[in-house]
1. Mind checking which residues of the stretch 25-64 are aromatic (Phe, Trp, Tyr) and farther than 17 Å from residue 2 by Cα?
2. Where residues in the stretch 32-68 are assigned to a helix (DSSP H, G or I) and acidic (Asp, Glu), which of them is farthest from the chain's Cα centre (by Cα)?
3. Suppose we filter the stretch 1-31 for residues that are in a loop (DSSP other than H, G, I, E, B) and in contact with a helix residue (DSSP H, G or I) (Cβ under 7 Å, 6 or more places away or on another chain); how many remain?
Amino acid sequence: MNEKEQAAFVQAYMHNVGDAPSDYVAQFVARYESGEDMPYCEHYTSIVDALGMWRYATRYQMEALKND
């Protein structure tokens, strides 16, 4: 995920989940995407679940665009 995608994810997270501060989410995603082994925290599950949904949705959209 590039920086632009990360920023879009943070915005989507804040508008739809918003369980953690936006600066925390941005730092978490950047560290997670770099492969850093993230320690569990109170927001971990919320952010990782949202990342999973984000990835699924973007893959689905890319497949839909290919099929059109």
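1. The first filter runs over the stretch 25-64 and keeps only residues aromatic (Phe, Trp, Tyr), leaving 28, 32, 40, 44, 54, 56, 60.
Of everything in the stretch 25-64, those that are aromatic (Phe, Trp, Tyr) and farther than 17 Å from residue 2 by Cα turn out to be 40, 44, 60.
2. Initially, the stretch 32-68 is screened for residues assigned to a helix (DSSP H, G or I), giving 32-33, 44-67.
So of that shortlist, the ones also acidic (Asp, Glu) come out as 33, 49, 63.
Details: 33: 9, 49: 8, 63: 19 Å.
Per the criteria, the residue is 63.
3. Taking the stretch 1-31 first, the residues in a loop (DSSP other than H, G, I, E, B) are 1-2, 17-21.
This time we only want the ones that are in contact with a helix residue (DSSP H, G or I) (Cβ under 7 Å, 6 or more places away or on another chain), so: 1, 17, 19-20.
Residues in the stretch 1-31 being in a loop (DSSP other than H, G, I, E, B) and in contact with a helix residue (DSSP H, G or I) (Cβ under 7 Å, 6 or more places away or on another chain): 4 in total.
Computed from the coordinates by the stated procedures, all read-outs in this text should not be read as laboratory data. This one's a predicted model, so the numbers in the text were calculated from it and none came from an experiment. Glycine gets a Cβ as well: all are built from the backbone with ideal geometry, and neighbour counts include every protein chain shown.
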